[in-house]
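Here is the structure we will look at.
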Amino acid sequence: MNIDLIRAAATRLAGHTRVTPLLSSPFLDDIAGRRLFVKAECLQHTGSFKFRGGWSALSALAPKKRKNGVIAFSSGNHAQGVALAAKLHGVPSVIVMPHDAPAVKIANTRAFGAEVILYDRANESREDIGATLAADRGLTLIRPFDEPQVIAGQGTCGLEIAQQAAELDATEAEVLVCCGGGGLTAGIALALAADAPGMRVRPCEPDGFDDVARSLQSGVKQSNRALTGSICDAIVTPSPGDLTLPIMQDHCAAGLVVTDEECLQAIGLAFERLRIVIEPGGAAALAAALFRKDQISSDTVVAVATGGNIDRATFARALALHDVAE
């Protein structure tokens, strides 16, 4: 992985992905105790940054190979990103999803034309299911984070942050990224190392599922004991990737850990002050910016709001919690 792959992906993504805005609010600045910008990837196609990686991976395939179709496994956002990218390329897609994924994510993935196969994430291996289907049907497997072209696509978000922040005279900052397997975190870290060396990336995870933070602290890959138990489903993964962890070790500072309730509070505040909708896993970085301010040293922080695919019940819960807090 290198910056050249990310720049090449940016060329292929041009005109197909949205350049998402960098938002701010004086009210959020007050809570964070510093200047805070929110990179609104929840406004990306399919409602998350995952469309970047999906388009990057499909567009990089040889035409004959792409024509046979692709397969991916995901709790929802990678699923939708790959499904839409496949639909726009006119090729079939098969998506392996946990049966307890948010219903809106399953429905949206099917709406993009994908064949959805559900599995039990507590007792079955999505990797094994995906590998078997890929071999049986001649499909190309697009992994959610441990895939060079996916990391490259996600890294284009970092190129945008570097340019947008420079225009706002924010060349030195801590960039907080919601982190599961580390594809987005690694991609942004590589992009910023090249284009904004004054910025340092910090992965953000839910309490109890902080495998990346523990891996960075110990220097050895760590795994989560459970694969369920947090509302932040989008960033609950077994462990960091073999490709992503070394990149994060080279380019990221210590991880930050937040609670589910803090993510819900961040969702309410994002809607109230920025008028954007974020899902729990996509709110971890904003939650860290707002509620872990004693662990942040820079005068400026950028929080990446990675996704907005939230179901109505959870969104209502977040808004109600915010009302109580006020």
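The values are calculated or read from the model by the stated rules, or taken from the named source; none is laboratory data. Please read these numbers as outputs of a predicted model, since none were measured by experiment. Quick reminder, even Gly has a Cβ in these numbers, built from the backbone with ideal geometry, and neighbours come from all protein chains shown. For accessibility, only protein heavy atoms count, side chains too; no ligands or nucleic acids. Shrake-Rupley method; radii C 1.70, N 1.55, O 1.52, S 1.80 Å.
Within region 263-272, does at least one residue satisfy the condition of being surrounded by fewer than 20 Cβ atoms within 10 Å (Cβ to Cβ) and free of Cβ contacts under 8 Å to residues at least 40 places away in the same chain?
The answer is no; no qualifying residue exists.
Give, as residue ranges, the helices (runs of 4 or more DSSP H) completely inside region 215-326 that count at least 3 residues that are at pLDDT below 95.
Because the criterion is at least 3 residues that are at pLDDT below 95, the helices (runs of 4 or more DSSP H) in region 215-326 that meet it are 312-325.
Taking G155, is it touching a Ser or Thr at 6+ places or on another chain (Cβ under 6 Å) and open to solvent by less than 40 Å² (accessible area, probe 1.4 Å)?
Here the answer is no, as G155 does not meet what is asked.
Just checking, how many residues over region 109-124 are modelled with pLDDT under 90 and under 21 Å from the mean Cα position of the chain (by Cα)?
1
How many residues are in contact with a strand residue (DSSP E or B) (Cβ under 9 Å, 6 or more places away or on another chain) and in contact (Cβ under 8 Å) with a residue 24 or more places away in the chain when one looks only at region 129-156?
Matching residues across region 129-156 total 12.
So if I check each of I161, I188, which one is crowded, with 17+ Cβ neighbours inside 10 Å, modelled with pLDDT of 95 or more, touching a Cys at 6+ places or on another chain (Cβ under 9 Å) and not in a loop (DSSP other than H, G, I, E, B)?
Exactly one residue qualifies, and that residue is I188.
Answer yes or no as to whether R292 is among the basic types (K, R), open to solvent by 60 Å² or more (accessible area, probe 1.4 Å) and without any contact (Cβ under 8 Å) to a residue 60 or more places away in the chain.
Considered against the rule, which asks whether it is among the basic types (K, R), open to solvent by 60 Å² or more (accessible area, probe 1.4 Å) and without any contact (Cβ under 8 Å) to a residue 60 or more places away in the chain, R292 comes out as no.
I'd like to check something: does region 295-304 contain any residue that is among the small types (G, A, S) and without any contact (Cβ under 8 Å) to a residue 40 or more places away in the chain?
No - not one qualifying residue is present in region 295-304.
Test L88 against the stated conditions and say whether it is open to solvent by 20 Å² or more (accessible area, probe 1.4 Å), hydrophobic (A, V, I, L, M, F, W, C) and closer than 25 Å to A9 by Cα.
yes
Condition test on G113, is it open to solvent by less than 10 Å² (accessible area, probe 1.4 Å), farther than 30 Å from K293 by Cα and small (G, A, S)?
No: the conditions fail for G113.
Looking at region 212-254, which of its residues are hydrophobic (A, V, I, L, M, F, W, C), surrounded by 15 or more Cβ atoms within 10 Å (Cβ to Cβ) and closer than 16 Å to G281 by Cβ?
V212, A213, L227, I231, C232, A234, I235, V236
Can you pull out the strands (runs of 3 or more DSSP E) entirely within region 15-82 that have at least 2 residues that are buried (at least 24 other Cβ atoms within 10 Å of the Cβ)?
By residue number, 35-40, 70-73.
For residues that are out of contact with any Gly (no Cβ under 8 Å at 6 or more places or on another chain) and surrounded by fewer than 24 Cβ atoms within 10 Å (Cβ to Cβ), tally how many sit in region 197-208.
Total satisfying the criteria: 4.
Quick one: in region 164-179, which of the residues that are open to solvent by 10 Å² or more (accessible area, probe 1.4 Å) and assigned to a loop (DSSP other than H, G, I, E, B) is farthest from S74 (Cα to Cα)?
D169
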